[in-house]
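The values are calculated or read from the model by the stated rules, or taken from the named source; none is laboratory data. These numbers were taken from a predicted model, which means no experiment stands behind them. Neighbour counts run over all protein chains shown; Cβ positions are idealised from the backbone, glycine included.
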């Protein structure tokens with residue numbers, strides 16, 4: 001247990017160090033909120049992946065894999081299809097908008113009214129989402145450390161706030177990448193050991209045809225096999241649709257605004273696609289093995305949904321003594337990477353989209369200086385971080401998590417209707433700027449009906465019912481809005497045409513941005529990985545046998561190898577720069 005504590009302590013020190021290390025790269029608001037648009041494809045691609053996963057990947061999705069086998073992979077199929085589309089062309093379009101935040105992109109396409117509406121809507125729901133991530137992670141930490149939940153919430157929250165405040169977007173992206181290296185190393189090790197535990201990959205596949213599991217592990221289930229039609233063909237269609245639209249609309253453009261140009265943006269998307277596809281298979285294996293071999297043990301763990309503990313139970317069984325703390329560190333990595341990205345994004349919206357409008361409304365027309373803007377970014381990161389911690393403490397203090405449940409009702413019934421107009425606006429240039437509210441309003445009508453019917457009249461609406469009806473209404477409303485384009489003003493049409501012209505014009509990095517920071521990124525993150533890998537070698541001191549030592553050496557070798565490759569790349573970049 002002492003070893004596990006030391007692992008987590010070392011991990012915390014690493015994150016604090018990354019914040020301090022990258023703080024020197026922040027000289028402007030652009031640096032703080034989008035890394036100065038100087039991010040390389042590999043650091044941004046790693047950050048995109050890490051911001052899309054959390055502890056829920058191993059608990060909620062792990063429970064689905066334990067319960068229904070490969071059906072849960074549809075969640076990741078949707079993510080992969082979205083990243084594939086980004087890799088083909090959308091990522092380049094997003095970067096070529098040349099904006100600082102995703103709300104900037106919405107303003108350029110739909111106008112200031114949509115910008116302000118989206119900014120305040122995000123500021124309302126964003127901290128709630130981050131608080132839920134923090135609360136969920138603190139529950140795991142409290143159980144692991146046997147400490148009060150409130151203490152874990154405050155400690156973890158302050159840690160994230162610290163490195164987000166000191167390092168800004170640079171520290172967020174760097175922390176995401178380094179944490180991603182740790183996450184993949186640990187989860188691949190657990191997957192390999194799980195396959196070894198079951199007797200090999202061939203034996204693992206044989207269990208899918210075992211009569212005890214064959215029905216539950218069919219890819220597509222009958223509509224009446226699980227509550228709410230889960231894992232049926234309609235459920236899969238809805239999940240696929242929701243995952244794709246949620247990641248390719250204009251509101252998600254912020255993920256690619258940090259890279260150098262359109263080409264780098266597409267490479268970042270391809271990198272995230274490969275990692276997501278590989279990760280989905282790796283993360284699904286342990287809970288499936290737990291179902292095949294240890295179902296009774298998992299169900300005896302108790303709780304409302306014992307399947308959520310299937311992944312961690314399998315990890316405890318296969319990991320050598322002293323290494324379980326690495327899994328907890330990996331869960332920390334997955335969750336803090338989602339929280340820090342959201343925190344940084346919301347601060348960018350405040351400084352870029354909310355405060356300037358408020359200043360103008362109060363007669364202060366002059367723009368903020370870079371120094372003042374950067375100071376505001378740091379102060380608001382602290383303030384917003386404290387709000388997130390406060391929300392998380394509120395969740396933990398309630399036995400009936402009404403706000404927690406309310407958030408997910410809002411995200412499914414409001415989030416999708418507000419996102420679909422931004423998806424339509426990306427592909428239909430004939431859609432007028434004002435039509436965002438027409439399409440969103442139309443989509444909110446079925447959402448409101450679902451809520452009223454289920455709350456007051458006992459109606460039962462599954463996630464696939466809601467998603468498919470809302471999407472159908474969005475298609476119809478988009479068609480109506482496009483038909484009304486002749487009533488749009490000439491000025492509005494010109495602004496729309498300029499948006500699409502700009503979005504499809506490649507970025508000239510040397511002229512528009514200037515000197516890159518590829519060398520600094522390679523050398524700082526490379527050294528961080530090497531230091532982390534070398535520090536993990538200390539685990540050899542607690543290994544009791546050759547097998548455990550082999551696991552440690554393999555994991556440390558992977559982390560150090562990634563760092564070494566980045567340092568070699570940094571040396572090559574330095575030579576090229578000196579020659580030129």
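Here are a few things to note about the model shown:
- Failed criterion for residue 208 (all others in (1) outside any loop (DSSP other than H, G, I, E, B); (2) within 29 Å of residue 463 (Cβ to Cβ); (3) touching a helix residue (DSSP H, G or I) at 6+ places or on another chain (Cβ under 6 Å) hold): (3)
- Qualifying position, being within 21 Å of residue 446 (Cα to Cα) and part of a loop (DSSP other than H, G, I, E, B), among 460, 480: 460
Rundown of residues vs (1) at pLDDT 80 or above; (2) touching a helix residue (DSSP H, G or I) at 6+ places or on another chain (Cβ under 7 Å); (3) not assigned by TED's automatic domain parsing to the domain that holds residue 380, yes/no style:
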position	(1), (2), (3)
120	yes, no, no
130	yes, yes, no
137	no, yes, no
142	no, yes, no
150	yes, yes, no
166	no, yes, no
170	no, yes, no
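- Within segment 305-329, considering residues that are touching a residue at least 40 places away in the same chain (Cβ under 8 Å) and more than 25 Å from the chain's Cα centre (by Cα), the one surrounded by the fewest Cβ atoms within 10 Å (Cβ to Cβ): 321
- Residue 467 buried (at least 20 other Cβ atoms within 10 Å of the Cβ), within 27 Å of the chain's Cα centre (by Cα) and in the same structural domain as residue 171 (by TED's automatic domain parsing): yes
- Check on residue 27, in contact (Cβ under 8 Å) with a residue 40 or more places away in the chain and within 20 Å of the chain's Cα centre (by Cα): no
- Test: residue in segment 35-58 that is over 20 Å from the mean Cα position of the chain (by Cα) and outside the structural domain of residue 532 (by TED's automatic domain parsing): yes
- Total residues in segment 203-237, condition buried (at least 18 other Cβ atoms within 10 Å of the Cβ) and closer than 13 Å to residue 72 by Cα: 7
- Condition met for residue 113 (buried (at least 23 other Cβ atoms within 10 Å of the Cβ) and either touching a helix residue (DSSP H, G or I) at 6+ places or on another chain (Cβ under 7 Å) or in the same structural domain as residue 291 (by TED's automatic domain parsing) (or both)): no
- Residue in segment 330-339 that is more than 20 Å from the chain's Cα centre (by Cα) and either assigned by TED's automatic domain parsing to the domain that holds residue 142 or assigned to a helix (DSSP H, G or I) (or both) present: no
- None of 83, 6, 21 is in a helix (DSSP H, G or I), in contact with a helix residue (DSSP H, G or I) (Cβ under 7 Å, 6 or more places away or on another chain) and surrounded by fewer than 24 Cβ atoms within 10 Å (Cβ to Cβ) except 21.
- Residues in segment 71-79 include none that are in contact (Cβ under 8 Å) with a residue 40 or more places away in the chain and touching a strand residue (DSSP E or B) at 6+ places or on another chain (Cβ under 8 Å).
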